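Step one of this worksheet: look at the structure below.
The values are calculated or read from the model by the stated rules, or taken from the named source; none is laboratory data. Not measured: the values here are computed from a predicted model. Here the Cβ positions follow ideal geometry from the backbone for every residue, glycine too, while neighbour counts run over all protein chains shown. For the accessible areas, the whole protein counts, side chains as well, though only heavy atoms, and no ligand, DNA or RNA atoms are used. Shrake-Rupley method; radii C 1.70, N 1.55, O 1.52, S 1.80 Å.
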Amino acid sequence: MTNRIALVSALAIAGLLTGAPAEAKGCLKGAVVGGVAGHMAGHGKMGAAAGCAVGHHNANKKAKQG
């Protein structure tokens with residue numbers, strides 16, 4: 001539980017420092033979802049990293065469309 005809170009907090013701080021709200025938002029949202037799903041499977045950190053990458057990709061794709 002403590003590791004998940006620390007990971008989400010670190011990602012939130014990193015997202016705030018990037019200066020790209022759409023990209024950070026996609027990463028944070030994906031990291032939370034991926035972290036929870038990964039935690040259920042025993043791989044929370046890997047799930048959060050993968051979720052961040054997918055969220056980042058989806059946010060970029062959405063930004064280019066509209």
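Of the residues A37, A48, A63, A12, which is modelled with pLDDT under 70 and either among the aliphatic types (A, V, I, L, M) or surrounded by 19 or more Cβ atoms within 10 Å (Cβ to Cβ) (or both)? Don't jump to the end; show me each part of the working.
Working: A37 fails: modelled with pLDDT under 70; A48 fails: modelled with pLDDT under 70; A63 fails: modelled with pLDDT under 70.
Result: A12 is the single residue among A37, A48, A63, A12 that is modelled with pLDDT under 70 and either among the aliphatic types (A, V, I, L, M) or surrounded by 19 or more Cβ atoms within 10 Å (Cβ to Cβ) (or both).
Read through the list (1) open to solvent by less than 70 Å² (accessible area, probe 1.4 Å); (2) at pLDDT below 85; (3) aliphatic (A, V, I, L, M), then give the number of the only condition that L17 fails.
The one condition L17 does not meet is (1).
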